[in-house]
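Structure, as structure tokens:
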Amino acid sequence: MKALQIFIVFALFMALAITNLSATPSEDESLFLDNNEDRTQVEPPSVGITSRFLAQKHRGAMTCNEYPRVCRVAGSPGPDCCKKKCVNVTRDRHNCGKCGRKCKYSEICCKGKCVNPMSSKWHCGSCNNGCDKGSKCLYGMCSYA
């Protein structure tokens, strides 16, 4: 129990020390200037300590409309490019079969076609989940009737 109390006091002390060290001076305080010096002529202390990494220009994101091969990279959402985004038109609800073709709210995209998984005999409940002969799809489940 004594060790736990010592640990808690030590953790609080460290948190207080970190907070005090990271605090910035207020408007009327100054760490680097005398009160009679002009603040506008002082450079921040980090000037000149920039690395080459920080100095490089940011190129922006590589979009598929400029670089179509970016969609074929492993880990890409899909091999097709629609509105600057990589998608798979065989499964994407917003680009089903071709760019811009949206499936209805209750439909999903299976093999590039919008289907209702609640009643489709070949896509019952999910894509490529066909019902056996003699059964039908009711509410996304194959049932014998």
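Looking at Phe10, Phe53, which one is open to solvent by 80 Å² or more (accessible area, probe 1.4 Å), at pLDDT 60 or above and assigned to a helix (DSSP H, G or I)? It would help to see each step written out before you state the result.
Values: Phe53 fails: at pLDDT 60 or above.
Matching residue, one of Phe10, Phe53: Phe10.
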Is it the case that Asn36 is of a type outside the set (D, E, K, R) and at pLDDT 85 or above? no
Can you tell me how many residues in the stretch 73-91 are touching a Cys at 6+ places or on another chain (Cβ under 6 Å) and either in contact (Cβ under 8 Å) with a residue 40 or more places away in the chain or part of a loop (DSSP other than H, G, I, E, B) (or both)? 5
Could you check the stretch 60-72 and list, in sequence order, the residues that are in contact with a strand residue (DSSP E or B) (Cβ under 7 Å, 6 or more places away or on another chain) and in a loop (DSSP other than H, G, I, E, B)? Cys64, Asn65
Can you tell me which residue in the stretch 101-145 is most open to solvent (accessible area, probe 1.4 Å), limited to those that are hydrophobic (A, V, I, L, M, F, W, C) and part of a loop (DSSP other than H, G, I, E, B)? Trp122
Scanning the stretch 64-83 for residues that are farther than 19 Å from Lys111 by Cβ and under 16 Å from the mean Cα position of the chain (by Cα), the one surrounded by the fewest Cβ atoms within 10 Å (Cβ to Cβ) turns out to be Gly75
List every residue pair whose Cβ atoms lie under 9 Å apart, where the two residues are 6 or more positions apart in sequence or sit on different chains, the first residue falls within the stretch 118-135 and is closer than 18 Å to Lys104 by Cβ and modelled with pLDDT of 85 or more, and the second residue, located anywhere, is aliphatic (A, V, I, L, M) and open to solvent by less than 40 Å² (accessible area, probe 1.4 Å). Trp122/Val115; His123/Val115; Cys127/Val115
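The values are calculated or read from the model by the stated rules, or taken from the named source; none is laboratory data. Just so we're clear, the structure is a prediction, and the values are computed from it rather than from any experiment. Quick reminder, even Gly has a Cβ in these numbers, built from the backbone with ideal geometry, and neighbours come from all protein chains shown. Surface accessibility is based on the protein's heavy atoms, side chains included, excluding ligands, DNA and RNA. Shrake-Rupley method; radii C 1.70, N 1.55, O 1.52, S 1.80 Å.
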